[in-house]
Amino acid sequence: MTPTYYLVLSAALFTIGAVGVLVRRNAIVVFMCVELMLNAVNLTLVTFSRINGTLDGQVIAFFVMIVAAAEVVIGLAIIMSIFRTRRSASVDDANLLKY
Amino acid sequence: MTTAHGIQSAAWLLVALPVLSAAVLLLAGKRADKWAHWLGALVPVVLFVYAAILFFSIKSESNREISLHLYSWIPVAGFQVDAGMLLDPLSMVFVLLITGVGSLIHIYAVGYMAGDEGRRRFFGYFNLFIAAMLLLVLGNSFLSLYVGWEGVGLASYLLIGFYQNRNSAATAAKKAFIANRVGDVGLSIAIMVMFAYFGTTSFDGVFAHMGGASSGVAAALGFMLLLGACGKSGQFPLQTWLPDAMEGPTPVSALIHAATMVTAGVYLIARSAPIFDQSQAARTAVVVVGAITLLYGCICGCGQDDLKRVLAYSTVSQIGYMFLAVGLGPGVYAIGIMHLIGHGFFKAALFLSAGSVMHAMNDRIDMRRFGGLARVMPITYGVFLCGFLAIIGFPLATGFWTKDKIIESALDKGGTSGWILGIVALLGAGLTAFYMTRALVMTFHGKRRWEDDVHPHEAPRVMTVPMIVLGVLSLVGGYLLIFGGGLQHWLTPSVGSSIEEGAHTVSPVVLTILTLVVVALGVGGAWVAFGMRPVPATQPVVVSPITTAARKNLYADATNEAVLERPGLWLTRALVYLDNKGVDGVVNGLAAAFGGGSGRLRRLQTGFVRSYALSMMAGAFAVIAVLLAVRFS
């Protein structure tokens, strides 16, 4: 079991997440893709923590999880309110804030 | 030089009093309307009485140059200017002329301006004019002279443009002011040169230094003073403002032409005699300017149909005579001053009677619409006739004594230049006779040519009395001046003694007869042309080129327009264009570039969250790429 696999997996997850954020329109899916990217990063942190034999990475992973949890609370609330007013959860429809 | 004492130490009142009354008249407002003109007319009379007392007080002194120190005006370390007055024969002559003729014109103006609602303002400006002119001739330094000089310019501007709602008057006032300004620059440069080289501007200081001054400095001073004198006295090439100054009320023209303003240039040159003594070039320039202007004024005067303009051109040419005289050098100064005083009398008489004619003719001034006024206005006619006889040099009238002397002095200069100047002066005398006869005949003789709605009448007594006084003075004044060489003797301390009766180029008797013949030719020519034939009521269109040129002031205005005004206009237009397109172009272009660029950049803010995300990721990749490139290079 080499750490490389974890890193490759993490990179793959991050890429999937990033592409998902860019190409999907549904706000919920975009949101889930963001979570995917965060978790890919978490995986990387934990892997390096394991490689280096320190706890730093794991601690930061906790922080990330907390931030992600907070983000979900606020993000979902925003998405809910947008959906209620506009009857749509598409991120492309919410484009009023522009030039 | 003695210090003023007794009654002489109150000489500052000569300037203070008219300034005070001008301030009262201008500030008092409508409540002063009832008595303002009487106050305005009283002040110069009081001044004249005081000046006469002062005159006799000075006459009794052994040293007739009296200095009156007033206060320290500009006390700067190396530069001290004291405000003071110089009471000497030259300034006293001017003070008497200004206050005497000025009083008569003031009294006349009471009647002339009776119907004008701005009479109070008019008298305020009038007193200001007198004050400035008195300061000009009484100051004891070039700097205080300059203050009076500018004051005269200001007062003339206000008075020429007195009918401020009339466009032509406003333009004439501006023209006078600008032409004067050109001359004033010359005077101010001269004062700066004095300060730079001599460190003083007082008359004694400067004249004491003149002996040691280089010829260059003397010539520079002479030419700059001449420029100043040309501007104020309406001499070539700055003469065009003077005829236009006729836009003001007639008493103003009389005051400008007879007592104040135009005589200032002659005064300046006579006062600066020690400077001109040092520079032959400057002296020659004065003579040339005088001779050119003399002929110019005569020729233009022959072509005018406006009575006041004829008189204005006659002033231009008479002042030319004075310049000729004061330019001829020591000994002839007194003759120039004598002609100046005589001119003050007869020109005032002529202008006041012209004003009386205008008054009677509903302000019409075209001589072609007059004719036959002698019967309707006998007093005015008589006064005009006196002035006429004086100006053409009729035997025993003023001009006969003073003008003939100038012609004689010009011939006595000797050499070719003497002959040229003498002949020019003689020719001028003939032309003067021609245009004055023309004016006299067209106005007062022949058939009546005025319209039916005009009812000419003699002026009220308040106008006729000063006119009669001036008319009498024009006849006998010259004799009084020349009697026993009185004026020449009197002026000796100021301008040097006159030449001894020595060798003459042409004997005086022959010259007098010659002059009279030339004058008679002029009178006869005009009589044949205008007296024996009916005068057309409108200006003939087909005339000789000379008449056309004379009507157009010998193209002086056209030349000024072509040489100065047009290029100035072009330059201004080019600068405006450069400013609009160049300077403003850069500023506006920069603003437009930023505005346009920002407008395009703004379009990047699409509102699509995903495109933002893409650009953020592109940025992140770019940062990583740079980091890697740095790390592994």
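The values are calculated or read from the model by the stated rules, or taken from the named source; none is laboratory data. This structure is a prediction, so every number in the text was calculated from the model and none was measured. Note that each Cβ is placed from the backbone with ideal geometry, even for glycine, and that neighbours are counted across all protein chains shown.
Restrict the check to region B:460-468 and report whether at least one residue is crowded, with 19+ Cβ neighbours inside 10 Å, modelled with pLDDT of 85 or more and touching a Gly at 6+ places or on another chain (Cβ under 7 Å).
yes
Go through (1) surrounded by 12 or more Cβ atoms within 10 Å (Cβ to Cβ); (2) within 14 Å of chain A (Cβ to nearest Cβ) one by one and return the number of the condition B:Tyr555 breaks.
(2) is the only condition that B:Tyr555 fails.
Is it the case that region B:410-420 has a residue that's out of contact with any Gly (no Cβ under 6 Å at 6 or more places or on another chain) and buried (at least 24 other Cβ atoms within 10 Å of the Cβ)?
no
Quick check on region B:562-580. Is at least one of its residues charged (D, E, K, R), away from chain A (no Cβ under 14 Å), in contact with a Ser or Thr (Cβ under 6 Å, 6 or more places away or on another chain) and within 30 Å of B:Gln235 (Cα to Cα)?
No: region B:562-580 contains no residue that is charged (D, E, K, R), away from chain A (no Cβ under 14 Å), in contact with a Ser or Thr (Cβ under 6 Å, 6 or more places away or on another chain) and within 30 Å of B:Gln235 (Cα to Cα).
Considering only region B:357-449, give the helices (runs of 4 or more DSSP H) lying wholly within it that have at least 2 residues that are of a type in the set (Val, Ile, Thr).
On the way: elements: B:373-376, B:378-392, B:398-412, B:415-444.
In region B:357-449, the matching helices (runs of 4 or more DSSP H) lie at B:378-392, B:398-412, B:415-444.
Taking B:Ser611 as the residue in question, decide whether it is surrounded by 11 or more Cβ atoms within 10 Å (Cβ to Cβ), under 30 Å from A:Leu96 (Cα atoms) and within 14 Å of chain A (Cβ to nearest Cβ).
Considered against the rule, which asks whether it is surrounded by 11 or more Cβ atoms within 10 Å (Cβ to Cβ), under 30 Å from A:Leu96 (Cα atoms) and within 14 Å of chain A (Cβ to nearest Cβ), B:Ser611 comes out as yes.
Right, A:Phe14: over 19 Å from B:Gly607 (Cα atoms), within 14 Å of another protein chain (Cβ to nearest Cβ) and crowded, with 18+ Cβ neighbours inside 10 Å or not?
yes
Say we look at region A:62-94 and pick out the residues that are farther than 16 Å from A:Val21 by Cβ and assigned to a loop (DSSP other than H, G, I, E, B); which of these is farthest from the other protein chains (Cβ to nearest Cβ)?
Here the residue is A:Arg87.
Of B:Leu516, B:Leu614, which residue is in contact with a helix residue (DSSP H, G or I) (Cβ under 8 Å, 6 or more places away or on another chain) and either over 30 Å from B:Ala179 (Cα atoms) or free of Cβ contacts under 8 Å to residues at least 40 places away in the same chain (or both)?
After ruling out the rest, the residue left standing is B:Leu614.
Among the candidates B:Ser9, B:Ser21, which residue alone is more than 20 Å from B:Gly111 (Cα to Cα) and part of a helix (DSSP H, G or I)?
Numbers: B:Ser21 fails: more than 20 Å from B:Gly111 (Cα to Cα).
When all the criteria are applied, what remains is B:Ser9.
Of the conditions (1) modelled with pLDDT under 85; (2) closer than 20 Å to B:Ser144 by Cα; (3) in contact with a strand residue (DSSP E or B) (Cβ under 8 Å, 6 or more places away or on another chain); (4) not hydrophobic (A, V, I, L, M, F, W, C), B:Asp88 fails just one. Which one is it?
The single condition B:Asp88 does not satisfy is (1).
For region B:202-235, what are the residues that are assigned to a loop (DSSP other than H, G, I, E, B) and surrounded by fewer than 24 Cβ atoms within 10 Å (Cβ to Cβ)?
The first filter runs over region B:202-235 and keeps only residues assigned to a loop (DSSP other than H, G, I, E, B), leaving B:211-214, B:234-235.
B:Gly211, B:Gly212, B:Ala213, B:Ser214, listed by residue number.
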